[in-house]
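**Student:** Take this structure first; my questions come after.
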Amino acid sequence: MNAILVIDDEERIRHLVRMYLEREGYEVDEAGNGREALEKFQKQDYALLIVDLMMPEIDGWKVCRDVRERSDIPIIMLTARGEEFDRVLGFELGADDYLVKPFSTKELVARVKALLRRSRGNTAISSSDLLFGPLKIEKDKHRVSIDDEQIPFTPREFELLYFLAKNPSRVFSREQLMETVWGYDFYGDARTVDTHVKKIREKLADPKVRSMLATVWGVGYKFDPEAANE
């Protein structure tokens, strides 16, 4: 099992998170700032990162951006501020999830388990590949391509697109997507789903392919293969 890297300038929080994760059998490493975190990331393989956004020297936003340029490792960001801007920016830079301080350690452990379970492919979703015209979604490889040109997706973006495409034409509410794709109960922030859908659409450069990911106003989202023919 690869280790989890906890990155936070508050030693008390690092030790608390480490204690709870080690109780669950995880190997845990620590970094007190972004510079130390990036140095460790270059030298060792990690299964997941827990990143505090507000840190000296190199902040969590830069850590997320630099890591995401080289890896699709799951990232959970921690922030003392709950403003929408912080969350959206974190997702824009490639984070998969977030928790606002002070947070429940039990909730953090639940989210770690859910992310690791999905990043390792341990889901109830079939492993068969999906093909919709030029769009190909390969579950086992966690690969999305248009006309055989691969598109980089974070683990959460991939799971969201795959789940919707696996259930074409079916409308899912944001709450249903949070519970099914994120792997835990919905906590009331629908913008988490909205931000991920926005990022997916930006990456699907082909207008016909992009149109398949449809918004159903007042309800949620659906994957509509027929939209490409309209």
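**Student:** Can you find even one residue in the range 49-66 that is within 25 Å of Lys113 (Cβ to Cβ), in contact with a Leu (Cβ under 6 Å, 6 or more places away or on another chain) and modelled with pLDDT of 95 or more?
**Tutor:** Within the range 49-66, one or more residues are within 25 Å of Lys113 (Cβ to Cβ), in contact with a Leu (Cβ under 6 Å, 6 or more places away or on another chain) and modelled with pLDDT of 95 or more.
**Student:** Which residue is most open to solvent (accessible area, probe 1.4 Å), if the candidates are limited to the range 9-33 and must be under 18 Å from Asp97 (Cβ atoms) and part of a loop (DSSP other than H, G, I, E, B)?
**Tutor:** The residue in question is Glu24.
**Student:** Sticking with this structure for a sec: Failed condition for Arg111, given (1) under 14 Å from the mean Cα position of the chain (by Cα); (2) part of a helix (DSSP H, G or I); (3) outside the structural domain of Leu78 (by the TED database); (4) at pLDDT 85 or above, with all others met?
**Tutor:** The single condition Arg111 does not satisfy is (3).
**Student:** Can you tell me how many residues in the range 176-209 are at pLDDT 85 or above and of a type outside the set (S, T, N, Q)?
**Tutor:** Start the filter on the range 176-209 by keeping residues that are at pLDDT 85 or above, which leaves 176-177, 193-209.
Right, trim to of a type outside the set (S, T, N, Q) and you get 177, 193-194, 196-209.
Final tally of qualifying residues: 17.
**Student:** Now for a different question. Find all pairs meeting these conditions: Cβ atoms under 9 angstrom apart; at least six residues apart or on different chains; first residue within the range 54-77 and closer than 20 Å to Val144 by Cβ; second residue among the aromatic types (Phe, Trp, Tyr).
**Tutor:** So the pair list comes out as Val67/Phe41; Arg70/Phe41; Ser71/Phe41; Ser71/Tyr46; Asp72/Phe153; Asp72/Phe158; Ile73/Phe41; Ile73/Tyr46.
**Student:** Still on this model: Got a sec? Which of Glu36, Glu69 is under 23 Å from Glu159 (Cα atoms), among the acidic types (Asp, Glu) and part of a helix (DSSP H, G or I)?
**Tutor:** After applying the criteria, what remains is Glu69.
The values are calculated or read from the model by the stated rules, or taken from the named source; none is laboratory data. In this text the structure is predicted, and so the values were computed from the model without any measurement. In this analysis, Cβ positions are derived from the backbone assuming ideal geometry, glycine residues included, and neighbour counts consider all displayed protein chains. The protein model used for the area step is the full one, side chains on, heavy atoms only, and it has no ligands, DNA or RNA in it. Shrake-Rupley method; radii C 1.70, N 1.55, O 1.52, S 1.80 Å.
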